[in-house]
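The values are calculated or read from the model by the stated rules, or taken from the named source; none is laboratory data. For clarity, every value in this text was computed on a predicted model and none was experimentally measured. Backbone-built Cβ (ideal geometry, glycine too); neighbour counts: all protein chains shown. Accessible surface is based on the protein model in full, side chains and every heavy atom, while ligands, DNA and RNA are left aside. Shrake-Rupley method; radii C 1.70, N 1.55, O 1.52, S 1.80 Å.
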Amino acid sequence: MSTSVVPAAAASPAPPPLPEGQERELKLAVPPAAAEHVRRSRPVRLLKRGRALTRQLRSVYFDTPDLRLRDNGMSLRVRHIGTRRVQTVKSAADHSLGLSVRREWECDIDGDTPDLAAIGDTDLRDALEHLLAKRQLQPMFESDIRRTAWQLHPPAGGCVELALDIGTLTSGDRREPVHEVELELKEGDIGAIFDIATELAATIPFAFESRSKADRGFALASTAPPAWVKAKAVALAPAMTVQEAFVTVAGTCLAQAEANEAAALDGRDPEGVHQLRVACRRLRSAFSLFRPVLPPDHVALAAEIKWFAGELGDARDWDVFLAETLAPLSAALPGELDLEGLRQAGERRRARGYDRVRAAIGSARYTRAKLDLRRWLADRNWHRNVDADAARLLFAPVTELADHLLERRARKMHKLGRRLESLALPELHELRIRGKKLRYATEFFASLYEDRRAKPYTAALAKLQDVLGVLNDSVVAHSLVQQAAAAEGAEAGTWHARVDGIVTGWCAAQAQARLSKLQKQWQDFAIRKRFWQKHPSAVYAAALERRRQVPLLPAPPQSVAEEGPAIQLPPPAVRDNAADDEAGED
């Protein structure tokens with residue numbers, strides 16, 4: 001699957017020039033033993049021009065005691081380069097295009113401490129002074145990095161700087177090693193970065209590092225668990241094409257996923273895995289929503305996201321069960337030893353679930369899936385791989401299709417919901433999935449509509465989803481008790497016989513209480529006016545409907561030989577995982 005960067009290829013349309021002071025880069029964490037292999041890698045050998053530049057860079061990062069800069073997405077450092085002192089201010093990174101895109105401002109200063117008066121950008125200087133409000137800046141941590149940089153020139157044009165950073169981050173008596181590659185686009189098309197990363201992946205194992213050194217340094221200085229991140233609002237503009245809109249939506253989902261990897265790996269706060277799983281669901285829902293206009297190769301990408309989401313399921317299910325079912329049940333029945341046996345078994349199952357999460361995040365398969373997704377999102381030539389209808393839709397204004405896509409999902413939701421009183425639990429589960437798909441679609445497109453019209457609709461839908469979600473948790477709880485008993489074997493006999501009945505009865509009571517509220521929540525949602533056009537323009541309707549009739553090709557099987565012997569295909573799912581329903585076709 002690797003595409004060489006060496007043979008000449010037709011150049012894509014030139015992207016707009018980078019705004020002054022903006023950097024676009026990709027960070028790759030490499031194992032210490034592999035770091036030196038970067039010097040002899042194929043991209044460096046064949047694409048470099050001139051000699052490598054090696055420098056020792058010591059940087060001290062500053063903030064206020066209450067972390068005013070970090071909490072506002074900014075960093076301030078003073079870098080020591082020989083006798084020079086270079087002050088750098090960086091804004092929060094935008095990862096929505098698959099790269100870290102951020103603004104930065106540099107200036108030389110006298111001395112080792114920040115000098116805001118030296119900042120030439122008046123607006124930035126005033127904003128910083130207002131933000132700090134005379135708070136005292138202090139050193140938080142420092143980095144000591146030996147950087148070797150090469151200027152790479154791909155055959156299709158442009159320039160990418162490949163920098164190998166080896167060193168340490170230090171905060172007090174804490175230290176963290178740094179072994180990473182930074183690929184920064186100096187000029188040309190961003191696809192060149194992903195082509196070079198693909199070449200590196202052929203011989204050098206790496207993982208994407210979405211955190212900056214500032215992020216990692218602040219984490220090192222803190223004893224708190226890594227922060228988890230909720231989904232950010234998707235910023236679509238009416239002038240965007242459908243392809244541009246999908247790239248923005250998918251990029252936002254990918255950014256949320258990567259922002260929660262550290263919290264999921266740490267495991268102390270269950271919201272880390274939860275938000276990582278939400279990001280995967282949203283991404284799969286985006287693939288499903290836009291399916292009629294996407295090139296056929298999206299199927300393989302969606303399949304990999306489904307695999308990864310499935311690897312998160314056990315950890316999340318046990319987090320929810322232990323905290324939201326077993327904990328209140330145990331509080332209602334203090335001293336019930338059988339429940340304590342279940343809790344201990346559940347903790348063991350949760351620990352195994354988190355082992356599975358960590359293995360998935362660290363796997364070569366996940367890294368390759370993210371690389372393939374990034375390259376695909378950066379490709380401007382999707383129209384070459386689709387039929388005339390899809391090409392027309394790809395270049396249509398997103399506003400022309402948003403109404404169609406939202407209305408289709410709303411009608412599917414209402415069609416089932418009108419029979420609410422007669423729905424059995426499996427049908428309520430289906431209603432929950434349809435509601436989740438509709439909710440994600442409204443969140444993706446909300447920025448195209450008036451906020452005062454969209455908010456009441458999405459708020460009512462969210463409340464309905466909460467009720468349906470609790471009903472689903474009750475169903476999952478019974479399944480988890482069965483799984484725990486089977487895993488514990490003979491030892492489960494001391495608690496399983498009674499505890500299964502206790503949990504089932506408790507969950508049934510909770511479900512009944514929620515069912516009494518479900519009808520009211522449905523009515524509150526059903527009366528809300530749609531914030532889009534209920535009868536959208538017919539200009540693109542025919543092409544959209546024809547595209548829906550095109551059958552999906554199955555995803556190609558994972559090639560173990562291609563990815564390396566360490567890649568293991570996942571076993572078939574054994575539980576009803578709601579995340580698996582997110583990519584169901586409309």
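Of all residues in region 175-187, at least one satisfies being in contact with a Cys (Cβ under 6 Å, 6 or more places away or on another chain) and either open to solvent by 10 Å² or more (accessible area, probe 1.4 Å) or of a type in the set (D, E, K, R) (or both).
Of the set (1) of a type outside the set (S, T, Y); (2) crowded, with 20+ Cβ neighbours inside 10 Å; (3) under 19 Å from A378 (Cα atoms), all apply to L276 but (3).
Could you tell me which residue of region 212-259 is nearest to E271 (Cα to Cα), considering only residues that are touching a residue at least 40 places away in the same chain (Cβ under 8 Å) and among the β-branched types (V, I, T)? Within region 212-259, the match that is nearest to E271 (Cα to Cα) is V229.
Any chance region 470-480 includes a residue that's among the β-branched types (V, I, T) and open to solvent by less than 70 Å² (accessible area, probe 1.4 Å)? Taking every residue of region 470-480 in turn, at least one turns out to be among the β-branched types (V, I, T) and open to solvent by less than 70 Å² (accessible area, probe 1.4 Å). Evaluated against (1) modelled with pLDDT under 95; (2) crowded, with 21+ Cβ neighbours inside 10 Å; (3) under 25 Å from H478 (Cβ atoms), L393 falls short on exactly one condition, (3). Residues in region 258-273 that are small (G, A, S), closer than 16 Å to A323 by Cα and open to solvent by less than 10 Å² (accessible area, probe 1.4 Å): G272 only. Can you confirm whether A202 is open to solvent by 60 Å² or more (accessible area, probe 1.4 Å), closer than 15 Å to A35 by Cα and of a type in the set (A, V, I, L, M)? Yes, satisfied. Taking A300 as the residue in question, decide whether it is open to solvent by less than 20 Å² (accessible area, probe 1.4 Å) and not in a loop (DSSP other than H, G, I, E, B). Judged against the criteria, A300 is not a match.
How many of the residues in region 204-225 are assigned to a helix (DSSP H, G or I) and among the aromatic types (F, W, Y)? Qualifying residue count for the region: 1. Taking the criterion of being more than 29 Å from the chain's Cα centre (by Cα) and touching a residue at least 40 places away in the same chain (Cβ under 8 Å), would at least one residue in region 82-100 satisfy it? Checking region 82-100: not a single residue is more than 29 Å from the chain's Cα centre (by Cα) and touching a residue at least 40 places away in the same chain (Cβ under 8 Å). Where strands (runs of 3 or more DSSP E) fall entirely within region 103-203, those with at least 3 residues that are of a type in the set (K, R) are at 174-187. For region 248-257, the criterion of a residue being more than 18 Å from A446 (Cβ to Cβ) and crowded, with 23+ Cβ neighbours inside 10 Å is satisfied by at least one position. When residues in region 408-423 are screened for being open to solvent by 50 Å² or more (accessible area, probe 1.4 Å) and either of a type in the set (A, V, I, L, M, F, W, C) or part of a helix (DSSP H, G or I) (or both), 6 of them pass. Pairs linking a residue in region 115-141 that is over 26 Å from S171 (Cα atoms) to a residue that is among the polar types (S, T, N, Q) and at pLDDT 90 or above, with Cβ atoms under 7 Å and 6 or more positions apart or on different chains, are A118/Q87.
Each residue in region 445-460 was checked for being under 24 Å from the mean Cα position of the chain (by Cα), under 25 Å from Q519 (Cα atoms) and small (G, A, S), and 1 pass.
Cβ separations smaller than 7 Å between residues 6+ apart or across chains give the following pairs from region 405-428 residues that are farther than 22 Å from V475 by Cβ to residues that are β-branched (V, I, T): L406/T442.
If you go through region 325-382 and pick out every residue that is open to solvent by less than 50 Å² (accessible area, probe 1.4 Å), in a loop (DSSP other than H, G, I, E, B) and among the basic types (K, R), you end up with 0. Being modelled with pLDDT of 90 or more, buried (at least 16 other Cβ atoms within 10 Å of the Cβ), out of contact with any Ser or Thr (no Cβ under 8 Å at 6 or more places or on another chain) and under 21 Å from C280 (Cβ atoms) is a property that holds for L405. Restricted to region 526-555, and to residues there that are more than 30 Å from A303 (Cβ to Cβ) and at pLDDT below 75, the residue that is most open to solvent (accessible area, probe 1.4 Å) is H535.
Please determine whether any residue of region 440-462 is assigned to a helix (DSSP H, G or I), surrounded by 15 or more Cβ atoms within 10 Å (Cβ to Cβ) and in contact with a Gly (Cβ under 9 Å, 6 or more places away or on another chain). So far as region 440-462 goes, yes, one or more of its residues are assigned to a helix (DSSP H, G or I), surrounded by 15 or more Cβ atoms within 10 Å (Cβ to Cβ) and in contact with a Gly (Cβ under 9 Å, 6 or more places away or on another chain).
So R211 clears everything in (1) in contact with a Ser or Thr (Cβ under 8 Å, 6 or more places away or on another chain); (2) open to solvent by 20 Å² or more (accessible area, probe 1.4 Å) except one condition, right? Which one? Among (1) in contact with a Ser or Thr (Cβ under 8 Å, 6 or more places away or on another chain); (2) open to solvent by 20 Å² or more (accessible area, probe 1.4 Å), R211 violates only (1). The residue that is modelled with the lowest pLDDT, among those in region 55-76 that are farther than 14 Å from S143 by Cβ and in contact with a Lys or Arg (Cβ under 7 Å, 6 or more places away or on another chain), is M74.
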